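Asks: Sharing a structure below in structure tokens format, with a few things to ask.
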Amino acid sequence: MGGRVRQEGAITQWNDERGFGFITPASGGSRVFVHVSELPRGVRPVMGTAVSFVPGRDDRQRLRATNVQVVGSVERRGNSVGRGGPAATGVSLIFLALLGVLAAARVLPVLVVGATVLMSLFTFALYRADKSAAIKGARRTPESTLHVAALLGGWPGALIAQRVYRHKTRKQPFQTVFWITVLTDCAALIWMAAGQPLPF
């Protein structure tokens, strides 16, 4: 591979959630597959990012870019991760604070607040692990597991994790189902606060 000539091109397709995309060579020809592991540490490319690379082959002899270097505009992890995080954190903290007030007023059991905090931390960890697995190509966390964790009170942690790790934020129907779990959880809490028995 050391004898191969470095080429230049631009990333014309990128799936940030799964950590791979395709480079269109400047000299023309077929697109070249590129995995995030071949990029400099911390780099999160976007459409149009200019790069140089060494062409190689994977185990199935498919064209693959190796030793990729960025030569144009790019998003780095420090700039991209966390976009929307402060707002999501604020919403989640306000919600948890409201639960705390209701618990202090004995409108809701203190156990509910504690369980919500623990589930939020657990759900945040699930999203973090799933994002890491997506980048590494490892086994993923089922979406149904993420939704159940959110439904059981972990949605504040899920909301923060989605923004911090830019994970599942645009995927449909995932987002639709996620917000249904949020509304369902909030409805259950309102039912409890109103002193009504849950229907299950």
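Asks: ALA138: among the small types (Gly, Ala, Ser), in contact with a helix residue (DSSP H, G or I) (Cβ under 8 Å, 6 or more places away or on another chain) and at pLDDT 95 or above, yes or no?
Replies: Here the answer is no, as ALA138 does not meet what is asked.
Asks: Only one residue in ARG64, ARG31, ARG41, ARG6 is among the charged types (D, E, K, R) and modelled with pLDDT under 90, so which one is that?
Replies: ARG41
Asks: LEU159 - would you say it is touching a residue at least 60 places away in the same chain (Cβ under 8 Å) and out of contact with any Leu (no Cβ under 6 Å at 6 or more places or on another chain)?
Replies: For LEU159, the condition - touching a residue at least 60 places away in the same chain (Cβ under 8 Å) and out of contact with any Leu (no Cβ under 6 Å at 6 or more places or on another chain) - is met.
Asks: Among residues belonging to the range 8-33 that are more than 27 Å from the chain's Cα centre (by Cα) and hydroxyl-bearing (Ser, Thr, Tyr), point out the one that is nearest to GLN172 (Cα to Cα).
Replies: SER30
Asks: Which of the residues spanning the range 22-58 are part of a strand (DSSP E or B) and under 16 Å from ALA133 (Cα atoms)? Give the derivation first.
Replies: Residues of the range 22-58 part of a strand (DSSP E or B): 22-25, 32-35, 43-44, 50-57.
Listed by number, the residues that qualify are HIS35, ARG44.
Asks: Can you name the number of the only condition in (1) farther than 27 Å from PHE20 by Cβ; (2) among the small types (Gly, Ala, Ser); (3) surrounded by fewer than 19 Cβ atoms within 10 Å (Cβ to Cβ) that GLY153 fails?
Replies: (3)
Asks: Can you confirm whether ALA187 is over 20 Å from PHE122 (Cβ atoms) and exposed (fewer than 13 other Cβ atoms within 10 Å of the Cβ)?
Replies: Yes; evaluated as a whole, the condition is true for this residue.
Asks: Of all residues being buried (at least 17 other Cβ atoms within 10 Å of the Cβ) and over 18 Å from SER92 (Cα atoms) in the range 103-134, which is modelled with the highest pLDDT? Just the residue, please.
Replies: ASP130
The values are calculated or read from the model by the stated rules, or taken from the named source; none is laboratory data. All figures in this text were calculated on a predicted structure; none of them were measured in a lab. Counting neighbours? That spans all protein chains shown, and the Cβs are built from the backbone with ideal geometry, glycine included.
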